[in-house]
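The values are calculated or read from the model by the stated rules, or taken from the named source; none is laboratory data. Everything numeric in this text was worked out from a predicted model, so none of it was measured. For neighbour counting, all protein chains shown are included, and Cβ atoms are generated from backbone atoms with ideal geometry for every residue, glycine included. Areas reflect the complete protein model, heavy atoms only, side chains present, ligands, DNA and RNA absent. Shrake-Rupley method; radii C 1.70, N 1.55, O 1.52, S 1.80 Å.
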Amino acid sequence: MEINRRIQDKFLADKSSLWIEFPDGSKKETDYNEVELVLKDIRFIKHELTNYSYLYASQLSFGGHLNRNYWEFLKLKGEIGQHDRDELEEGVLLVIYLLYAEIFEAEGWCYLYRNKLFDTVNSFLVSYAPDNDKKKKLKNCIQFSRDNYENEKIGDQWHGVLDPDNKKLSDKLTENDNWVYKTFVEDYFVDIANSFKPGRQRTKNFCDSIMKKGKK
């Protein structure tokens with residue numbers, strides 16, 4: 001059984017086993033409580049995305065209450081369980097994807113523009129090495145958005161006829177949006193719902209094993 005470092009160590013004030021490694025080689029200490037705050041924001045974002053049947057980033061308050069440097073946690077180092085690491089990294093990649101999606105929706109002066117964060121975010125993204133296929137694909141989707149975010153013709157505000165090349169790009173962006181929504185919103189909540197029955201069975205098995213030991 002994997003040790004859940006986040007649960008086990010977060011109350012130890014004198015223990016610092018997590019840090020963020022910046023692309024320039026500098027480091028910043030962090031802790032499990034900060035990780036939990038980032039995870040809380042990610043779960044809130046996923047919940048809010050269910051307000052629509054498609055990916056809609058502009059409903060989110062980036063720069064308001066969603067005001068953390070989420071991209072930094074792609075470079076989190078130290079003792080953290082793989083399940084937490086997966087949820088954290090996938091969630092951060094989702095946030096970055098949404099920051100670009102906000103531009104294509106073109107409903108105002110978007111977060112990345114307002115805060116001049118393109119280079120900062122990209123420096124973390126470039127130095128990040130995904131460790132599973134889902135993260136790799138999401139990083140590739142972000143790269144597609146980064147390569148094309150200045151193309152106004154494939155955004156939601158364009159109402160003219162698209163030439164074949166831009167039509168292909170527009171279709172690819174829609175395909176990426178649909179995959180991201182299904183994988184990180186729909187499947188996320190389906191997996192949670194499906195986990196209740198196995199969770200109850202594991203609890204029963206654990207209690208049964210305790211009872212058997214007590215009878216020896």
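Kindly state, to the nearest 0.05, the FRET efficiency for W158 paired with D24, given R0 = 35 Å and r defined as their beta-carbon distance.
Efficiency, rounded to the nearest 0.05: 0.40.
Given the pairs K137/K197; K27/K136; K27/K168; K28/K182, which are separated by over 32 angstrom at their Cα positions?
Listed pairs above 32 Å: K27/K168; K28/K182.
Please list the non-local residues whose amide H lies under 5 Å from the amide H of F22, H modeled 1.01 Å from N, same-chain partners needing a gap of 5 or more.
Residues meeting the criterion, in which the H sits 1.01 Å from N, are K27, K28.
Suppose R0 equals 22 Å; then what is the FRET efficiency for H65 and L117 from their Cβ-Cβ distance, rounded to the nearest 0.05?
That pair, H65 with L117, gives E of 0.80.
Quick check on packing: order 43-49, 62-68 by the mean number of other C-beta atoms within 10 Å, highest mean leading.
In decreasing order of mean packing, 43-49, 62-68 become 43-49, 62-68.
As an exercise, use a Förster radius of 22 Å and the Cβ-Cβ distance of K168 and N140 to find the FRET efficiency, rounded to the nearest 0.05.
On the way: r = 16 Å, r/R0 = 0.74.
The pair K168/N140 has a calculated efficiency of 0.85.
Could you order Y149, Y111 by accessible surface area, starting with the largest, using a probe radius of 1.4 Å?
So the residues, ranked largest to smallest area, are Y149, Y111.
Can you give the accessible area of D156 in Å² (nearest 10), computed on protein heavy atoms with a 1.4 Å probe?
90
Rank K197, K75, K136 by accessible area, highest first, at a 1.4 Å probe radius?
Result of the area sort, largest leading: K197, K136, K75.
Any idea of the accessible area per residue across segment 28-170, 1.4 Å probe, to the nearest Å²?
Using a 1.4 Å probe on heavy atoms only, each residue of segment 28-170 averages 49 Å².
Is the shape of segment 40-121 best called rounded, prolate or oblate, per the rule: a/c under 1.5 gives rounded, else a/b larger than b/c gives prolate, else oblate, with a ≥ b ≥ c the square roots of the Cα gyration tensor eigenvalues?
Oblate, since a/c reaches 1.5 and b/c is not below a/b.
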